[in-house]
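The values are calculated or read from the model by the stated rules, or taken from the named source; none is laboratory data. The structure displayed is predicted, hence computed values, not measured ones. Cβ atoms come from the backbone with ideal geometry, glycine included; neighbour counts cover every protein chain shown. Each accessible area value is taken on the protein alone, full model and side chains, heavy atoms only, with ligands, DNA and RNA left out. Shrake-Rupley method; radii C 1.70, N 1.55, O 1.52, S 1.80 Å.
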Amino acid sequence: MNYYCGIDLGGTGIKAGIVGEDYHIYAAASAPTPKGVDGKTLAAVIARVAEEAAGKMNLTVADTAGVGMGTPGYIDPERGINHFSNNLNLSEDPMAQNLSDCLGGKPVRIGNDANVAAYAEYLAGAARGSRRAVMVTLGTGIGVGVIIDGSDHGMAAEGGHMIIRHGGRHCSCGHDGCFEAYASASALVAQAREAMAVHPETMLWKLCGGDLWKVDGKMVFDGRDAGDPVANQVVDQYIEYLGFGLSNFINLLEPDMMVIGGGICAQGDKLLIPLRRRVREMVYHPLFADRCRMAVAELGNDAGIIGAAGLGGLPPAAAPSR
Ligand code: BGC
């Protein structure tokens, strides 16, 4: 069996995996994404993580059949350039070449992280068999990948930067009111922290051990489950924001499948049930919502690695049937 190296570069972490033709991840490694470094330094860290994953199978990355990487940003996949990434603070970065240089000249293909994850879900996950699928990844930012008749739409979908509020919250892209400033996982945490600052009585303080910087998305949902009114209000508001964005995508593209990715997926129906209800109320006609299935990513956190291995050459035909 051939093995491919798939790398999932995110705003907070780097994950690399060695993926077989059966779409199974045989070895993986990860590290935090270094902050404030230039493209070459970042590439050296990514290469170390990829070699660590390959080393677990007594391989080097050069031994694999191909290397692909999903990265946040506006990507030219043909030239391997990351034109701009607000989450990585890079512009006009020759990412594929930099990484290839650190991997002994092994060619590397890059693509937008959300497009890559969407493609993986289409090949082997929740969007399999769909005609028009939208995948929305909720992490440091919001990524949007659109699959139409089996092909991902390269540079097209920067849906996280759709403006949902005039003069609204400042986004790391430099504009104000972007969807991701309201509905990314980081935005959920920011909104929880703001609520905590004015509600010393909220259980969230106990859940984070009194340390505001330890708050994460799961804690906010846990607080809601435990009946904390502040956590409840933060989650309700968050679902409303998320609903705005998803309704806009549904009105615009009329997809038959909407896949939600990111750590928040672990909430399953606790997220999906209220979200489906809000989206149904907000779309142009409820039939738009009824005709669009909504599910959490089936490949979970593996979608980025598997889709990236796909960029590296892992053939679609090898995807297992559902
Ligand atoms: C970036 C996208 C990326 C998304 C998820 C956004 O802030 O603009 O390119 O896909 O975050 O990482």
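Give the residues of the stretch 104-118 that are away from the ligand (no atom under 11 Å from the Cβ) and either open to solvent by less than 10 Å² (accessible area, probe 1.4 Å) or at pLDDT below 95 (or both), sorted by residue number. Within the stretch 104-118, Ile110 is the sole residue that qualifies. Within the stretch 194-217, the set of residues being surrounded by fewer than 15 Cβ atoms within 10 Å (Cβ to Cβ) and within 27 Å of Gly159 (Cβ to Cβ) comprises Glu194 only. Could you please find all residues in the stretch 55-82 being more than 10 Å from the ligand (Cβ to nearest atom) and within 15 Å of Asp38 (Cα to Cα)? Passing the criteria: only Ile81. Scan the stretch 301-309 and tell me whether some residue there is part of a helix (DSSP H, G or I), of a type in the set (S, T, N, Q) and open to solvent by less than 70 Å² (accessible area, probe 1.4 Å). Checked against the condition, which is being part of a helix (DSSP H, G or I), of a type in the set (S, T, N, Q) and open to solvent by less than 70 Å² (accessible area, probe 1.4 Å), the stretch 301-309 yields no hits at all. In summary, Thr41 fulfils each of the numbered conditions (1) of a type in the set (Ser, Thr, Tyr); (2) under 16 Å from Val67 (Cα atoms); (3) surrounded by fewer than 23 Cβ atoms within 10 Å (Cβ to Cβ) with the single exception of condition (2). Within the stretch 44-54, the set of residues being open to solvent by 30 Å² or more (accessible area, probe 1.4 Å) and within 16 Å of the ligand (Cβ to nearest atom) is empty. Checking each residue in the stretch 236-269 for being aliphatic (A, V, I, L, M) and under 25 Å from Asp302 (Cα atoms) picks out Ile239, Leu242, Leu246, Met257, Met258, Val259, Ile260, Ile264, Ala266. A residue that is in a strand (DSSP E or B), modelled with pLDDT of 95 or more and acidic (Asp, Glu) occurs somewhere in the stretch 83-92.
Of all residues in the stretch 125-152, those being open to solvent by 20 Å² or more (accessible area, probe 1.4 Å), over 14 Å from Ile75 (Cβ atoms) and outside any loop (DSSP other than H, G, I, E, B) number 4. Within this structure, Ala62 passes the test of being at pLDDT 95 or above and open to solvent by 10 Å² or more (accessible area, probe 1.4 Å).
For the stretch 157-188, a residue qualifies if it is open to solvent by less than 20 Å² (accessible area, probe 1.4 Å) and in a helix (DSSP H, G or I), and the qualifying residues are Gly159, Gly160, Glu180, Ala181, Tyr182, Ala183, Ala187, Leu188. Do we have Lys15 as in contact (Cβ under 8 Å) with a residue 40 or more places away in the chain, basic (Lys, Arg) and within 16 Å of the ligand (Cβ to nearest atom) here? Yes. Per the conditions (1) open to solvent by 30 Å² or more (accessible area, probe 1.4 Å); (2) touching a Gly at 6+ places or on another chain (Cβ under 9 Å), the sole criterion not satisfied by Val279 is (1).
One residue stands out among those in the stretch 160-173 that are under 15 Å from Pro72 (Cβ atoms) and at pLDDT 95 or above: the one that is nearest to the chain's Cα centre (by Cα), which is Gly160. Cβ-Cβ distances below 9 Å connect the following pairs, each with a first residue in the stretch 31-57 that is at pLDDT 95 or above, a second residue that is surrounded by fewer than 14 Cβ atoms within 10 Å (Cβ to Cβ) and polar (S, T, N, Q), and a separation of six or more residues or different chains: Pro32/Thr12; Thr33/Thr12; Pro34/Thr41.
The single condition among (1) of a type outside the set (Asp, Glu); (2) within 16 Å of the ligand (Cβ to nearest atom); (3) over 16 Å from the mean Cα position of the chain (by Cα) that Gln191 does not meet is (2).
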